[in-house]
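J.: Before anything else, here's the structure in question.
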Amino acid sequence: MKKWSRKKAQLSFFLSLFSIFTLSSFLLSTHKATNGQVGPTHEKSSSSTSSSSKLPSFPTFSLTTNFSPSSSQKANNLVLNALDWTKACSSTREYNGQQSSTLQQRGDSIGRREETCDLFSGRWVYDDVSHPLYDEAGCPYMSDQLACTKHGRPDTEYQKWRWQPHGCDLKRWNGTDMLEKLRGKRLMFVGDSLDRGQWISMVCLLQSLIPADKKSMSPNAPLTIFRAEEYNASVEFYWAPLIVESNSDDPVNHRFDHRIIRPDALLKHASEWEKADILVFNSYLWWRSGTKIKLLWNAEDIASCQEADGLDAMKLALETWAGWVASRMNTLKQRAFFVTMSPTHLWSREWNPGSEGNCFQEKLPIVDKEGYWGSGSDVDTMRMVRNTLEGLGSKVLVLNITQLSEYRKDGHPSIYRKFWETFSPQQLSKPASYADCIHWCLPGVPDVWNELLFNLL
Ligand SMILES: *[C@@H]1O[C@H](CO)[C@@H](O)[C@H](O)[C@H]1NC(C)=O
Ligand SMILES: *[C@@H]1O[C@H](CO)[C@@H](O)[C@H](O)[C@H]1NC(C)=O
Ligand SMILES: *[C@@H]1O[C@H](CO)[C@@H](O)[C@H](O)[C@H]1NC(C)=O
């Protein structure tokens with residue numbers, strides 16, 4: 001039996017501020033982003049009420065996905081429909097440490113794979129021969145949120161770094177080989193917009209090897225599928241930013257400031273996960289905020305909720321997920337990976353003391369500070385994730401991308417992406433104020449996450 005410690009992440013004042021600003025940026029993004037990320041047209045700019053004049057240097061963009069929702073969600077006793085969610089949690093009290101009822105016995109450790117070399121410990125090496133692995137403009141599935149050159153980024157050095165582990169060499173990326181590994185299989189990325197970036201990276205890495213009439217993309221939110229016919233393979237993205245069932249499961253219509261989760265319910269999602277052969281999960285930024293997350297335990301009494309801080313709520317969700325992995329995942333057929341938290345670069349003083357910017361105009365990785373770790377990557381969250389994953393033995397492999405991505409302050413879109421907000425003249429005069437230092441340009445850092453995935457498959 002696990003004890004629920006009520007120990008909270010003791011965020012420093014600084015960290016709290018960071019969180020509040022982060023949340024605010026989401027709070028203020030009530031718009032619905034529906035650009036044509038896949039397929040060139042149906043872009044639609046939205047009018048968002050950007051009332052952020054009081055906020056210091058912070059972007060107002062959202063972590064929403066860019067696909068239109070399907071209206072096919074069926075309401076039943078187990079799955080709440082959109083209307084239920086809007087009525088939920090009229091009365092709330094403090095989270096009392098209740099544990100997920102679906103918590104299953106853990107998978108016995110089949111023994112963790114002994115790595116002779118830690119692929120995640122290493123350094124970035126400038127190498128414009130091997131990287132980038134594809135051309136931004138040459139990928140028809142590129143997202144406007146991540147296409148930095150297209151949106152005016154003048155430098156391209158950020159595309160030309162390769163990851164060099166300390167103890168060994170990575171197997172070089174080979175798209176044909178990757179497609180062979182995927183033959184007859186479904187590779188499914190599951191998570192939020194960071195995971196979606198990794199999925200787009202994988203699609204861009206592979207798509208040029210497939211003739212135009214043998215590939216297709218079907219956006220059918222929350223599941224979007226890229227198919228490679230000749231290989232009978234697919235590379236898919238399933239939107240589930242909080243892993244368990246939540247009021248944010250619609251990729252477009254959700255309110256970050258009113259997150260409600262059902263801590264012990266994920267069968268709606270898992271019914272899709274069960275069809276995949278290789279699963280790549282992530283979840284982190286959606287739990288980070290200054291406000292509490294509401295917990296709805298009983299679908300028959302949707303009025304009564306509890307409120308928990310992000311770390312407690314994420315722990316509950318991951319326990320439920322771990323229970324599913326341990327009891328329902330078919331380890332003979334399925335493999336799973338968990339991508340650790342993607343770092344943000346919101347405060348340049350963390351790598352350059354005395355400065356007051358963020359990732360805007362950063363052109364180089366951090367190369368002289370081995371082990372550099374910014375305040376955006378919460379150590380308590382990492383510990384919790386690690387404990388949860390260790391309980392699953394070798395059923396889930398860790399893609400521990402946090403440290404290597406910490407070095408890449410140069411890798412974010414900053415102001416060079418499509419924004420759906422309208423910025424005030426004041427914001428426009430200070431570009432850093434709306435820079436996106438959370439997502440990653442493509443080609444770029446997520447390609448390397450996929451090279452690591454390729455090495456582990
Ligand atoms: C890439 O992989 C394919 C299939 O596994 C193999 O035939 C080919 O030689 C590899 N290419 C390189 C450059 O290693
Ligand atoms: C294609 O792959 C699916 C699994 O993704 C499998 O069920 C099906 O039998 C495969 N079809 C062929 C023709 O190999
Ligand atoms: C990931 O690596 C860091 C060191 O860079 C380590 O502290 C952390 O525990 C690792 N996380 C997991 C989930 O293994």
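No value in this document is a laboratory result; all are computed from the given coordinates. Keep in mind that this is a model prediction, so the values were computed, not measured. Cβ: placed from backbone, ideal geometry, glycine included. Neighbour counts: every protein chain shown.
J.: For segment 301-434, state what percent of all Cα-Cα pairs lands in each successive 5 Å bin, counting from 0 Å until the bin that includes the largest distance.
T.: The calculated distribution, bin by bin, is 2, 8, 14, 15, 13, 13, 13, 11, 7, 3, 1, 0.
J.: While we're looking at this one, here's another question. Starting from segment 323-383, pick out the GluC sites (Glu not before Pro) whose DSSP state is loop and whose Cβ has at most 13 other Cβ atoms within 10 Å.
T.: Taking segment 323-383 and a limit of 13 other Cβ atoms within 10 Å, the loop GluC sites (Glu not before Pro) found are 356, 370.
J.: How large is the direction-averaged shadow of the alpha-carbon convex hull of segment 321-392, in nm²?
T.: 7.0 nm²
J.: Return the ratio Rg/(2.2 N^0.38 Å) for segment 360-401, where Rg is computed over Cα atoms only.
T.: Working: Rg = 14.4 Å, N = 42, 2.2 N^0.38 = 9.1 Å.
Expressed relative to 2.2 N^0.38 Å, the Cα Rg reads 1.59.
J.: Just to confirm a number: summing +1 for Lys and Arg and -1 for Asp and Glu over residues other than residue 135 whose beta-carbon lies under 14 angstrom from that of residue 135, what do you get?
T.: Once all neighbours under 14 Å are counted, the net charge is -1.
J.: I've got another one for you. FRET efficiency for residue 126 and residue 394, Cβ-Cβ distance as r, R0 = 35 Å, nearest 0.05?
T.: Step by step, r from the Cβ atoms, then E = 0.50.
J.: Return the distance in nm (one decimal) between the two label points of a simple spin-label model at residue 300 and residue 363, each offset 7 Å from Cα along Cα→Cβ.
T.: 6.5 nm
J.: Something else about it: Out of every Cα pair in segment 156-246, what percent are spaced more than 20 Å from each other?
T.: 44 percent
J.: Give me the distance in nm between label points sitting 7 Å out from Cα along the Cα-to-Cβ direction at residue 330 and residue 387, one decimal.
T.: That separation, rounded to one decimal, is 3.4 nm.
J.: Now for a separate question. Label segment 267-377 by shape, choosing from rounded, prolate and oblate, from the square roots a ≥ b ≥ c of the eigenvalues of the Cα gyration tensor; if a/c is under 1.5 it is rounded, and otherwise prolate applies when a/b is larger than b/c, oblate when it is not.
T.: Values: a/c = 3.39, a/b = 1.57, b/c = 2.17.
Note, shape of segment 267-377 comes out oblate.
J.: Any chance you could run the full-extension gain for residue 171 through residue 90? It's 0.36 nm times the residue separation minus the Cα-Cα distance, nm to one decimal.
T.: Working: separation 81, 0.36 × 81 = 29.16 nm, distance 5.38 nm.
Between residue 171 and residue 90, full extension yields an extra 23.8 nm.
J.: Which whole-number percent gives the relative contact order of segment 329-457, counting Cα pairs below 8 Å spaced six or more residues apart? Could the numbers behind the result be given before it?
T.: Details: 162 pairs, mean separation 42.5, N = 129.
Relative contact order here is 33 percent.
J.: Let me ask something additional. Mind counting lysine pairs for me in segment 299-457? Cα separation below 24 Å, and the two need to be 8 or more apart along the chain or on different chains.
T.: 9
J.: With N set to the number of residues, divide the alpha-carbon radius of gyration of segment 214-322 by 2.2 N^0.38 Å and report two decimals.
T.: Cα-based Rg divided by the globular estimate yields 1.19.
J.: Expected output is a single nm value to one decimal: the length gained when fully extending between residue 379 and residue 429, i.e. 0.36 nm times separation in residues minus the C-alpha distance. What is it?
T.: Answer, rounded to one decimal: 14.5 nm.
J.: Only residues of segment 270-297 count here: report those whose backbone N is under 17 Å from the spot 7 Å along Cα→Cβ of residue 232, or say none.
T.: Residues 275-278 fall inside that zone.
J.: Additional query: Relative contact order for segment 248-401 using alpha-carbon pairs under 8 Å, separation at least 6, rounded to a whole percent?
T.: 25 percent
J.: Mind ordering 427-439, 198-210, 159-171 by average Cβ neighbours within 10 Å, highest first?
T.: 198-210, 427-439, 159-171
J.: Could I ask something else about it? What would the Debye formula give as log10 I(q)/I(0) at q = 0.26 Å⁻¹ for the alpha-carbon point model of segment 257-317, no solvent?
T.: -1.12
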